[in-house]
Amino acid sequence: MGTHLPATEFDGTAVDDQREADAEAVMGEPPAQMVQLLGPDGKLGFDPVFTGYAEKLTAEKLRGLYADMAAIRRFDVEATALQRQGQLALWVPLTGQEAAQIGSGRASQPQDYIFPTYREHGVAWTRNVDLAELLRQFRGVSNGGWNPKDTNFHLYTLVLAAQTLHAVGYAMGIQRDQKLAASSAAVVRSDGQDNGAAAPDAAVIAYFGDGASSEGDVHESMVFASSYNAPVVFFCQNNHWAISVPTNVQTRVPLSNRAKGYGFPGIRVDGNDVIAVHAVTEWALEHARQGKGPVLIEAFTYRVGAHTTADDPTKYRESEEEDAWRAKDPLKRLEKYLRAEGLADEAFFAKVKADGDELAAYVRRTTHDLETPDIRSAFANTYVEAHPLVAEELAWFEEYSAGFATEEEPARQAVTAQASQEAGH
Amino acid sequence: MTTMTIAKAINEGLRTALTDNPKSLLMGEDIGALGGVYRVTDGLIGEFGPDRVVDTPLAESGIIGTAIGLALRGYTPVCEIQFDGFVFPGFNQITTQLAKMHARSNGNLTVPVVIRIPYGGGIGSVEHHSESPEALFAHTAGLRIITPSNPHDAYWMIQQAVDCQDPVIIFEPKRRYWLKGEVDVEAPGLAEDPFKAHVLRAGTDATIVAYGPLVPVALAAANAAEEDGRSVEVIDLRSISPLDFDTVTASVKKTGRLIVAHEAPTFGGIGGEIAARISERAFHSLEAPVIRVGGFHMPYPVAKVEEDYLPDIDRILEALDRALSY
Ligand SMILES: Cc1ncc(C[n+]2csc(CCOP(=O)(O)OP(=O)(O)O)c2C)c(N)n1
Ligand SMILES: [Mg+2]
């Protein structure tokens, strides 16, 4: 019964793929095909494709990557402390994921556009987002806090995976821009006039987590990206946990394998190896910018801390697991390498530490000084254009609030007294 | 009688339901080892195992959609949505499938799925964690929607929802999870019918209708008004769909004035539905227009200004004054 699909589309390799996928099932350790250049021992390995990219990293750039990772780890510690002190409502720590974030963020170009989740403080740092602005959201004074147009770093998206579709749509816009630019350049050339420098090719990065990978939006975004060959890099940080749920509830195969099903490359990279992450992301962005279509990168890493400051990991995981991952620490391995190769001296590490303390002090100071918001701005920002219901409610709110301003009495009695007077009771 | 919090009462109610109904099971994100982000399912996976307490992949459409399939196979899934703002990936399954399955099958199929949604603000949280989307669901025929305001109701309502053959959404007032109260685990008593409103406080000058997290606020406002010589009746709606208009109408016929308070925005909200119904049913008894107290027409605002957004005692009293000024 049933009809068979044409052999050209399904030639029997599906069965082999299945066996292969079964064999690759995630069982604790990553399978061998994970791209790793800098191992936990601080020794540099070789990869036929990505070593070429890694070699472009000068000593100065490598020191920069270390300094970046150290800066955001220090920032993470400070933000956690600020939450404990009641200065922030919540904090979402990133410790353990510095290499995944700094490596990928530093591989991006200014013209690229980034869609983060809510944990990409390290990527934000590479995009020159002011970290104090970033804390606005966690202090409860803003739902955004920075203007994405300044940095091409989008707002955090808390509804998991929704941003993956936005990223693909943005990438589709880039494709259209390129076509429009090409056709207008042709027109200009025939006029013999100089069209000025063309905008550089751009790509988009969509960040999401291992947990979010289960959301339908991720599937739809990959379908669209593949269908239109959109210049987008899907960057999945597999940090092994979605709050209390381990990754094997979300997938039985490496997440990077999923790309195959959509028809674009998927690469698993050691997410604690900043050199490999940088190399792989640079390759993927080039691939996308050159019109070769989407890439899925799975950064294999670990959320060393709690999900948020409201979470208690002892409820669901063993501390041995955390210890095992601490041994793969992204900063330590780069430090080992820099020292062994004589690329950084004691003075460098001392400076990194001092800069970290300065950053922490800045963040502490600015957090205390962050504005107290006013609900009037929420009225103002609900719509672009004037809206009569909003105007009516705002007018009511103003009148209502004015009732409190004039009275010394406790609020409730003030209103009651005033209103009952007006009512003639 | 035992004293417990609302969170514990739901936990106990779920335990009883899982024990009494072998075809019931819980599904949701982080409801296993963690016991849910609010610990409402604490300990249940240990007692009932992973087939009855299912830590699902992270996908709300998946949770609701597979729950529908399980229900078609004779099970009664109780789904936890982690926060109000995260129900929407599952909205399609709830409104186009769950709500309509019975009708589409000419009454042949039943899908007794229960969906638990912690809702409402006042917890100082980040966006999407403080919303009150009940009207979006109330507008959909085929769903029943209840919301407890105290531990006794919470304990019984969750079990009644599991017993009900229609899909039921329970909106749980998350900022009251730690509110303590007496629970009679032997008998529901007045909580026999989950779809009936309760008059919590008798009065003659005006009626305040509230539900879920605003019930304690409405009671406090009524007590404050009493100090000023006003006698205010307070009704805990308990059920949003069906809505017990009989109880509200009877109260308004007595008091002549009605205030409806909810955290959800007033525009297009439950308060508007009540106002319209009551003006149809009790027009000649009304001494004043029905006044709604609720959220503004804006996305739920940031934590630092949520006090300006959420209806509080003052806001209810101001509405009461307006009603009494006619
Ligand atoms: C649609 C949706 N459902 C549920 C949540 C609640 N939630 C917030 S974070 C989280 C886990 C996410 O895990 P993962 O995608 O792996 O990212 P990670 O937190 O590990 O960085 C959950 C369930 C949410 N924010 N959005
Ligand atoms: Mg994760």
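Among the residues making up segment B:47-66, those that are away from ligand 1 (no atom under 16 Å from the Cβ) and either at the interface with chain A (Cβ under 10 Å from one of its Cβ atoms) or outside any strand (DSSP E or B) (or both) are B:E47, B:F48, B:G49, B:P50, B:D51, B:R52. All conditions but one from (1) in a strand (DSSP E or B); (2) assigned by TED's automatic domain parsing to the domain that holds B:I278; (3) open to solvent by 40 Å² or more (accessible area, probe 1.4 Å) apply to B:I235; the one that does not is (3). Here the condition is being open to solvent by 10 Å² or more (accessible area, probe 1.4 Å) and either in contact (Cβ under 8 Å) with a residue 12 or more places away in the chain or of a type in the set (D, E) (or both); of B:D51, B:D84, it holds for B:D51 alone. The listed residues are A:G211, A:G271, and the only one of them that is near ligand 1 (Cβ under 10 Å from one of its atoms) and open to solvent by less than 20 Å² (accessible area, probe 1.4 Å) turns out to be A:G211. Of the residues making up segment B:114-137, those that are open to solvent by less than 30 Å² (accessible area, probe 1.4 Å) and part of a helix (DSSP H, G or I) number 3.
The set of residues in segment A:144-161 that are within 14 Å of chain B (Cβ to nearest Cβ) and either away from ligand 2 (no atom under 16 Å from the Cβ) or among the polar types (S, T, N, Q) (or both) comprises A:G144, A:G145, A:L155, A:T157.
In segment A:40-70, the qualifying residues are those that are part of a helix (DSSP H, G or I) and of a type in the set (D, E, K, R), and the one that is farthest from A:D323 (Cα to Cα) is A:E60. The residues listed here are A:G261, A:G291; of these, the one that is open to solvent by 30 Å² or more (accessible area, probe 1.4 Å) and assigned to a helix (DSSP H, G or I) is A:G261. Taking residues in segment A:244-255 that are free of Cβ contacts under 8 Å to residues at least 12 places away in the same chain and within 9 Å of chain B (Cβ to nearest Cβ), and partners anywhere that are hydroxyl-bearing (S, T, Y) and open to solvent by less than 40 Å² (accessible area, probe 1.4 Å), the pairs with Cβ atoms closer than 8 Å and at least 6 places apart or on different chains are A:V249/B:T56.
Against the list (1) more than 10 Å from every other protein chain (Cβ to nearest Cβ); (2) surrounded by fewer than 18 Cβ atoms within 10 Å (Cβ to Cβ); (3) in a loop (DSSP other than H, G, I, E, B), the condition B:V111 fails is (2).
Here B:A33 passes the criteria (1) within 16 Å of ligand 2 (Cβ to nearest atom); (2) assigned to a helix (DSSP H, G or I) except the one numbered (2).
Hey, among the residues in segment A:157-173 that are open to solvent by less than 10 Å² (accessible area, probe 1.4 Å) and in contact with an Asp or Glu (Cβ under 8 Å, 6 or more places away or on another chain), which one's nearest to A:S226 (Cα to Cα)? Across segment A:157-173, the extreme among qualifying residues is A:T164. Report yes if some residue within segment A:369-382 is at pLDDT below 95, more than 10 Å from every other protein chain (Cβ to nearest Cβ) and farther than 19 Å from B:P265 by Cβ; otherwise report no. Yes; the residues of segment A:369-382 include at least one that is at pLDDT below 95, more than 10 Å from every other protein chain (Cβ to nearest Cβ) and farther than 19 Å from B:P265 by Cβ. The residue that is farthest from ligand 2 (Cβ to nearest atom), counting only those in segment A:206-243 that are touching a residue at least 60 places away in the same chain (Cβ under 8 Å) and assigned to a loop (DSSP other than H, G, I, E, B), is A:N229. For the criterion of being at the interface with chain A (Cβ under 8 Å from one of its Cβ atoms), modelled with pLDDT of 95 or more and more than 21 Å from B:T147 (Cα to Cα), B:L286 fails.
Note on segment A:88-119: residues that are within 9 Å of the chain's Cα centre (by Cα) and within 15 Å of ligand 1 (Cβ to nearest atom) amount to 6.
A:T301 meets each of the listed conditions (1) farther than 19 Å from A:A54 by Cβ; (2) in contact with a helix residue (DSSP H, G or I) (Cβ under 7 Å, 6 or more places away or on another chain); (3) of a type in the set (S, T, N, Q) apart from (1). Of all residue pairs spaced 6 or more apart or on separate chains, those with beta-carbon atoms under 7 Å, a first member in segment B:94-117 that is under 18 Å from B:H139 (Cβ atoms) and in the same structural domain as B:Q159 (by TED's automatic domain parsing) and a second member that is at pLDDT 95 or above and of a type in the set (D, E, K, R) are B:I117/B:D84; B:I117/B:E172. Taking the listed residues A:A306, A:A299, the one that is aliphatic (A, V, I, L, M), within 16 Å of ligand 1 (Cβ to nearest atom) and surrounded by fewer than 20 Cβ atoms within 10 Å (Cβ to Cβ) is A:A306, with no other qualifying. Residues in segment B:204-223 that are open to solvent by less than 10 Å² (accessible area, probe 1.4 Å), over 16 Å from B:D153 (Cβ atoms) and either within 14 Å of another protein chain (Cβ to nearest Cβ) or not hydrophobic (A, V, I, L, M, F, W, C) (or both): B:A206, B:T207, B:A221, B:A222.
The values are calculated or read from the model by the stated rules, or taken from the named source; none is laboratory data. Treat the numbers as computed from the prediction; the structure is a model and nothing was measured. Reconstructed Cβ throughout: ideal geometry from the backbone, glycine too, with neighbour counts over all protein chains shown. These area figures cover heavy atoms from the full protein model, side chains too; ligands, DNA and RNA do not enter into them. Shrake-Rupley method; radii C 1.70, N 1.55, O 1.52, S 1.80 Å.
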